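Below is one structure; the comments refer to it alone.
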Amino acid sequence: MKRSKIIMGALVLLLVGATAAILAPLKSHQRLGAPGVKTRAMSGSKNLEILLPDRLSGYASEILTNPETQLLKLPPDTSFRVRGYTGSDNFHVEVSVVLMGSDRSSIHKPQICMTGQGWTQDGAASRVENVRMDRPIPYDLPVNKLIFSKSIQDPQGKPMLVRGIYVYWFVDEDRFTPSEWVRQALWVPQDLLLHDVLERWAYISYFSACLPGQEPATFYRMKQFIAGSVPEYQLVPGTKIQTATVQ
């Protein structure tokens with residue numbers, strides 16, 4: 001078992017290295033693709049303003065600080081926006097969009113920032129789920145669902161365990177996928193080799209915290225919120241859907 005993991009790891013590294021070697025000569029004349037989320041230009045900046053909705057039915061919102069800017073050194077042409085939405089019943093969810101520029105390192109694994117904020121991932125509870133969407137056309141949006149745990153202090157100063165549900169996926173101008181492997185190892189090289197285009201991928205995430213035992217109800221509410229909010233800012237799908245669920 002250990003030997004097979006070593007072999008697989010070596011193959012992955014070999015594939016990544018080969019892909020980098022092939023793509024490096026193309027960088028000088030590649031074209032940057034269009035975003036798959038709503039944006040607008042920012043005066044005097046090469047970054048874009050990501051237009052997450054400030055109003056959603058039954059929810060108030062506010063712009064929050066992006067923790068990636070504190071825990072990671074993102075490339076300077078990375079665009080991002082984080083909004084917190086709170087319902088009339090105090091249900092709270094944070095929505096984050098990180099949009100890469102010409103540097104692919106803008107897109108990173110969520111575990112990096114979550115562990116940096118003190119959360120511990122429950123690997124057994126992590127999986128790909130489908131969120132049913134009705135707009136702009138009926139389709140299933142495949143997303144990664146990760147479960148995290150964290151010990152905090154309650155109002156009396158006693159330790160209390162909370163759970164965090166983290167949902168994320170990736171989207172470019174005409175495709176979406178929960179799979180980092182498909183995006184990075186298949187679609188990015190394909191676009192560069194065949195079209196000389198570096199697609200401007202966005203990494204979209206939703207996060208909500210709850211008490212242990214409330215995870216199913218919280219995720220159900222998150223799916224409802226995703227179905228209602230995503231069509232307000234995500235431009236994909238149009239009339240054509242391209243997805244991949246391979247992990």
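Throughout, read-outs are computed from the coordinates displayed, never taken from laboratory work. Keep in mind it's a predicted model, so treat the numbers as computed, not measured. Positions of Cβ are backbone-derived with ideal geometry, glycine not excepted, and every protein chain shown enters the neighbour counts.
General remarks:
- Proximal aspartates and glutamates relative to Lys145, as straight alpha-carbon distance under 12 Å, when same-chain residues fewer than 8 apart are discounted: Asp122, Glu129, Glu215
- Within the stretch 37-63: backbone nitrogen closer than 13 Å to the Gln224 label point (7 Å, Cα to C-beta): 57-59
- Peptides 162-173, 37-48, ordered by how many other C-beta atoms sit within 10 Å of their residues on average, highest first, read 162-173, 37-48.
- For Leu32, nonlocal amide neighbours, meaning residues 5 or more places apart or on other chains whose placed amide H falls under 5 Å from its own, are Leu198.
- Evaluating 6.51 cos²θ - 1.76 cosθ + 1.60 at θ = phi - 60° for every residue in the stretch 78-86, the Karplus couplings come out as 7, 10, 7, 8, 10, 10, x, 10, 10 Hz, glycine and proline recorded as x.
- The phi-based Karplus calculation (6.51 cos²θ - 1.76 cosθ + 1.60; θ = phi - 60°) puts the 3J(HN,Hα) values of the stretch 105-115 at 6, 4, 8, 9, 6, x, 4, 4, 6, 5, 5 Hz, whole numbers, x for Gly and Pro.
- Under the Karplus curve 6.51 cos²θ - 1.76 cosθ + 1.60, θ = phi - 60°, whole-Hz ³J(HN,Hα) for the stretch 31-48, x wherever Gly or Pro sits: 9, 7, x, 7, x, x, 10, 5, 9, 8, 5, 10, 4, x, 9, 8, 7, 10
- Peptides 176-188, 135-147 ranked from most to least packed give 176-188, 135-147, packing being the mean of other C-beta atoms within 10 angstrom over each peptide's residues.
- Taking the Cα centre of the stretch 140-247 as origin and assigning +1 to Lys and Arg Cβ atoms and -1 to Asp and Glu Cβ atoms, the resulting dipole is close to 540 debye.
- Put the Cα centre of the stretch 175-243 next to the Cα centre of the stretch 52-125 and the gap is 13 Å.
- Taking Cβ atoms as reference points and 10 Å as the exclusive limit, the residues near Val197 contribute a net charge of -3, counting Lys and Arg as +1 and Asp and Glu as -1.
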